[in-house]
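Here's the structure, in structure tokens; my notes come after.
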Amino acid sequence: MEQRTIAEIGVCSLIIIFCAVILWQAAKLPPGSFEPLGSAPVPQATAGIVICCCLIVIVRAIVQIRRQPPLAHHVRDELTGRSPRNALVMFGGTLAYVGLLQLGMLSFGVLTFAFLLLLIMTLNRFSKSSLLPATITAALFGFGIEFLFTRVFVVDLPV
């Protein structure tokens with residue numbers, strides 16, 4: 001798979017900023033009824049894990065940039081020749097997923113399954129060989145997360 005180090009650093013930096021806002025806002029939430037799992041600790045832990053993962057990606061990208069040709073070479077390679085189609089599909093899919101969840105038209109499990117399948121297939125450039133593993137993965141995570149939240153953690157999910 002093609003490595004785009006500058007893009008990785010930029011995207012991870014934006015994700016870190018987004019997660020920092022989540023950490024800040026989650027600190028204002030009242031304690032939940034299922035402490036230590038509750039309304040504030042779960043998003044705080046999730047945001048903390050995502051920040052740590054992003055920092056690992058950023059460090060790896062910086063190390064890779066330092067080992068290879070000058071920075072100008074990386075920037076030129078990353079800004080030329082690629083179509084934004086896959087990024088637009090992912091962005092549109094994310095907007096549709098959030099919008100449909102808000103409208104409550106379909107269950108969380110069904111929407112999450114469809115969303116994950118779209119993202120996995122987009123990342124694999126709609127390869128026919130990845131359809132079966134993508135479907136299995138999307139089903140396990142989409143319906144598994146719905147089961148985990150509704151039955152184990154007793155969290156109300158969108159319809």
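The values are calculated or read from the model by the stated rules, or taken from the named source; none is laboratory data. What you see is a predicted model, and the numbers here were worked out from it, not measured in a lab. Just the protein is used for accessible areas: all its heavy atoms, side chains included, with ligands, DNA and RNA removed. Shrake-Rupley method; radii C 1.70, N 1.55, O 1.52, S 1.80 Å.
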Flag for Gln44 being under 19 Å from the mean Cα position of the chain (by Cα), assigned to a helix (DSSP H, G or I) and modelled with pLDDT under 90
yes
Please work out which one of (1) under 26 Å from Leu118 (Cα atoms); (2) among the hydrophobic types (A, V, I, L, M, F, W, C); (3) modelled with pLDDT under 75; (4) open to solvent by less than 50 Å² (accessible area, probe 1.4 Å) is the condition Cys19 fails and give its number.
(3)
For the range 138-159, name all the residues that are part of a loop (DSSP other than H, G, I, E, B) and closer than 20 Å to Phe115 by Cα.
Asp156, Leu157, Pro158, Val159
